[in-house]
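See structure below.
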Amino acid sequence: ELVSTAASCPWAALQGALVGRISMSEDETDLQTSKHRILKWVPVVPGQEDDDVDLDKVAQENGVPRNVFLAYIVSEISEEESFKTLPFAVLLVVIFALAFSFHDQAQKILDVQDAVRFDIEENANFAFNNIGTYGAKNIYDVNQRGDFFSWTRMGLMTLVLQTAPNIAEWRENNETWDAAKEYFLNYNRVIGGIRMRQARGPKEMLPPSEAWLYDKPLTPIGANLGLNQHLRPENYQVVNADTVFDESKTVWLLQNESQAHNDALLVEMEDSGWFDDQTSQVELSFTTYNPHFDTLTVTRVVVLQSRSGHFWRSVVPQSLFLDHFPDDDLLLPKLIVDCIFCLQVLFLLILEGRELAFICVRYPASGILQAMGKYASWWNVIDWIAILYGSGVAILFVYLDTQAKDLGGDLREMRLSASSWIDVVEVDSLVERAISLIASYKSFRTFAACYPIVIMVRLFEAFGAQPRLAVLTKTLKLAATDLFHFGIVFLATFGSYAVMAHALFGRDLHDFATMPRSFQTCFLVLMGDFDLREMMQVGRSIAFLWFLSFMCLVLLVMLNMLLAIIMDTYTNVKGQVTSTETLAEQATEFFVRWRRNRRKERVSLARIWQCYSESLGDEEEAMSCLNAGDFGPLETIESVQATVGGIRPDQALRLLKNAIKEYKQDYDSQHGLSIADAMSVVNKIHYKLDAFIVATRRGDRARSAGRHHSQVDPVAIAALQAAGAADYCPPENPDRPTPSVAASALRLPARSSDGGQVGAGKPSGLAPISAGVSSLPTNGHVAPLVLPELKSPSQWALCGVDRVEVGGAASHDVGEDKKTSHLSIALEGVEVFALLKAAEKQLSLGDPKYTPALLAVQAARNFLVYEGHAPRDR
C-alpha cells in the first residue's frame, strides 16, 4: 500500500512510516511516566513536568503528602491568629498617639516658651542712646563682664522685675505703680525674683620660671562645669549639664525689693569681683506661673566664659503642666483613651500569661527549661517588651503627675501670705523642685517616645499574616546579607571622607570641629543640606575637590548601589506576592470561616490540628512529621475524613486544594529569580545561543559548497538537535569525527540478553522509534518501525528524500556496565516543515503512547519557526 500510494502522494509513505506501530511491554510503558517538577508526588506524561495541573483533580486523584497538608494547617492557624492581632496592634498605635497628644499638649508649652525666649532675646537690651529709648545690644552682644552687668541691670531686671509701667514713650511716666509689676508679659506671675549663681574653677599658680609669661594665677575651667567651653553649647546640653554651682555665690534679686536696692546689689557684686577669672559659668534664672495654661516655667540664661575669653550665651525656657487632668473639654477624652490604653496592655498581659501558663502546665517540672525555650520565641519576647514598656509609661506618668500636683499645691500655699515671697530658702527649694521635675518630664517624654518603636515591631508581626503587607520586612530580611557587606564598604568610605573633612575644615568651621560633628555634617551634605560657600572660605580648590569626589563617589555611586541592592530584592519579593491574597480577600476569607463555624458547616483548623496530633501521638510527633524531609503518606479526602471526625467532603477537598496551592506558591517564592540571578541566566542563554549560531553558520557554508559531501541539511539538523539528537559535525572537516545524526532522539534503555533493562534505574526521556531495515540488527531491544518496500534509493526519492544514511550507535556508562543502543537515520533533501507537519498530524491521532514522539516533533517545528526558516526549506 505504501508503494502504490507513494506514486501519487510521496508524503503518504513517510506519514505511514512515522506512524508505524510500536508494541511495548508494561515495563516499557511505565518508563514513559514522569513526576511533576513542583508537585513531585504527581505522575505526569513525559514532557509535561512543567505544565499547570488541575488542583481539584490532583487533590481528588493523587492527594497531598501529609507534611504538606499539616504545614498548610499550621500556617493558616498562625496567619489567622496574626491577622486577628492586626486591628488590635493598629488600635494600640492610635490610642497611644491620642493619649500622648492629649496629655503633652506641646502647642501650649511651645507658645509659653517662645513668648519668654523672644521677649528676652529682643527686648532685654542695653547700650541705650542718650534719651534712653533704644538699646542697641541684647544678650548675644554680651562679650565682657561689664556687658554682663549692664545687660542684667538695664535689660533683664528691668524687663522681668518691671520698675515702671509699659506706656507709650511720648507720655510722662507719672502714673501710680501697683502690684501689677509682679507680672511678666501680662499673664505670667513672677515667683520670687531672679536667681544668680555661678560655677567656678580652681586656681593654680605658675612656677616662678614662667611667671614672667603670665603673672596671674591659672584658672582652669574645672571638671564641675559639665559643658564644653570650646563650642557653642546646644540647648539640650545646657539643660542636661551636670554642673556643680558654688552656693556661696548665689544671689537673689527679689521682686518686692526696690530698684535702688537691686541696683546697689549689682554694683556691689561687680566691685567685689563676683564675676572673675575663676568663673566658668553664670546662670540667671527666674520662674513664672501662667494660670491660663496652668504651667510653671523656669527660664535660664546661661553665660559660659571660655578660657579663650569668649562668652557663649544661651536662653533656655522650660515649662511643665501642674495638672494633666484639668476640668476642661479634654477631660473626658483623656480619661477614655487612658482607660483603653491600660485595658489593651492588660489584655496583652492576660494573653501572654495564659500561653505561658499553658506551656508550664503541659510540660513537667523536669522539662521546664525546654518548655520555656519553646515559649521564648521572638514575637513573644516583643509582646512582653510591649507589656512592660507600656506599663512603665503608665506608671511613670501617674507618678510625675502626682509630683506636679504636689508642687502646684505648695506654690498656692506660699501665696497665702505676702511675706512668704521673701523667704529665699523656700523659694529656692521650690525652684529646684521645679527644675528637677522638668528634667524628669524631659526624660519621661524621651522614654515614651521610644514606645512607638515597640508598637511598630508588633505591627510587623501582624503584617506577617498578609504577604502584601510583609513586603518591607521580607525585603530587608532577604537583603540583610548584601546590606551588611555593603555597609562595611560604605562606612569605610564615608568615614574616610568624614576624617578628611575634619582635617581640612575642623579649625575653621564649627560643623567640622569634632569628629562626631564631622560625621553628622557629612551625612547632611549627603542629604543635600550644605553650605559650599562657607567651606570654600577655607580654600576654594581643596573644598571643591573634596565636595566633588564625595558627591560623585558616595552619593551618585554608592547610594545608587544601595538602592539597586534593595530594589533587586524588592522586585523578587514583589513578584512572589503578585498571586497572593489581598488584605480584603483575606479578611473576607476569615469572615466566611467564622460564619461557617457558627453555622456548624466546617471544622475549625485548630480542631483539625488537634485530631492529627492525637492520631500521631502528640503535638511533638505532629511537628516532627511536619518537618520531615520526605513527603510521607498521602492525605486524601477519605483519609482526612477518617482522621477528623465530622469534617465534610467539600471542606476536606478545599483544604487539600489550598494546601497544594500554597505549596506551589512557596516553591515559586523559594526558587524565584532576582534581577542578578535573571541576568546570570540570560548570560548563559546568550553564550549557548552564540555557540549555536556559530555551528549553524558552519553548516550553511558546508551546504553551499555542494551536495557531493555526505552531509545532512542544516535545517534538518536543527530540528533533530531540538528533539535531543546528537550534535552535527560537518564531514568535510578532517579534524572532526564522522557525523552520526540521529533521526529521532526518542530512546529507551537497551535490554540485556535475559530480557531485563540495563540501567532501568535512570529516567528515560522518550519512547523509541527505529527503522526496520533488514540489513541492520535491532538486537531485540525495540519493536521495529515498519518501512516495507522502501529499501532502495529510488523508492525513497519518490518520497522527496535525496539521500538516506542508516547506521547504528552504542554508548557505555563507565563503571556501571550499562549499554544503550539506538539506530540513526539521516535524511537529506526533505521539506522539513511538511514532514514535521504530517508527522504531528498522524501522531496526534494515534495511541497515547506516541505522546513523547509528538512532543519531540512539536519541539523541532517550534524551534524552526523561532529561527525563521521558510516552509519550503529542505
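Observations, loosely collected:
- Counting only protein heavy atoms and a 1.4 Å probe, the range 445-546 has 58 square angstrom of accessible area per residue.
- Sorted from longest to shortest, the spans of the Cα atoms of the range 517-648 along the three principal axes equal 85, 35, 27 Å.
- Estimated FRET transfer efficiency when R0 is 45 angstrom, pair Met679-Arg596 (beta carbons, to 0.05): 0.40
- Over 14 Å [Cα-Cα, the range 581-621], rounded percent: 59 percent
- Put the Cα centre of the range 182-204 next to the Cα centre of the range 562-619 and the gap is 65 Å.
- Evaluated at q = 0.18, 0.21, 0.26 Å⁻¹: base-10 log I(q)/I(0), Debye formula over Cα of the range 70-131: -0.81, -0.89, -1.01
- Across the range 543-594, Cα-Cα pairs farther apart than 14 Å form 71% of the total.
- Portion, in percent, of the accessible area of the range 490-644 that falls on carbon or sulfur, probe 1.4 Å: 59 percent
- Among the trypsin sites (Lys or Arg not before Pro) in the range 558-630, those placed in a DSSP loop whose Cβ has at most 13 other Cβ atoms within 10 Å are Arg599, Lys600.
- This model, with +1 at the C-beta of Lys and Arg and -1 at the C-beta of Asp and Glu, gives the range 580-632 a dipole about its Cα centre of some 680 debye.
- Estimated FRET transfer efficiency when R0 is 41 angstrom, pair Met623-Leu562 (beta carbons, to 0.05): 0.55
- Modelled label positions at Asp56 and Thr514, each set 7 Å beyond Cα in the direction of Cβ, lie 7.3 nm from each other.
- Computed FRET value (nearest 0.05) for Ala241 with Ser541, which takes r as the C-beta separation and R₀ as 41 Å: 0.50
- Here the spin labels are modelled as points 7 Å beyond Cα on the Cα-Cβ line, and at Leu396 and Arg412 they lie 2.8 nm apart.
- Each residue, Cys339 and His686, gets one label point 7 Å from its Cα in the Cβ direction; the gap between the two is 6.9 nm.
- Cα Rg over Rh - the range 438-530, Kirkwood: 1.15
- D (Stokes-Einstein, µm²/s), Kirkwood Cα radius, the range 227-267, 0.890 mPa s at 25 °C: 186 µm²/s
- For q = 0.12, 0.16, 0.17, 0.25 Å⁻¹, Debye-computed log10 I/I(0) when each Cα of the range 29-117 counts as one equal scatterer: -0.64, -0.84, -0.87, -1.17
- For the listed residue pairs Lys334/Lys474; Lys40/Lys477; Lys108/Lys137; Lys57/Lys688; Lys40/Lys600, the alpha carbons are over 32 angstrom apart in Lys334/Lys474; Lys57/Lys688; Lys40/Lys600.
The values are calculated or read from the model by the stated rules, or taken from the named source; none is laboratory data. Just so it is clear, the model here is predicted, and its values are computed rather than measured. Here the Cβ is made from the backbone with ideal geometry for all residues, glycine too, and neighbour counts use every protein chain on show. Calculation scope for accessible area: heavy atoms of the full protein, side chains included, ligands and nucleic acids excluded. Shrake-Rupley method; radii C 1.70, N 1.55, O 1.52, S 1.80 Å.
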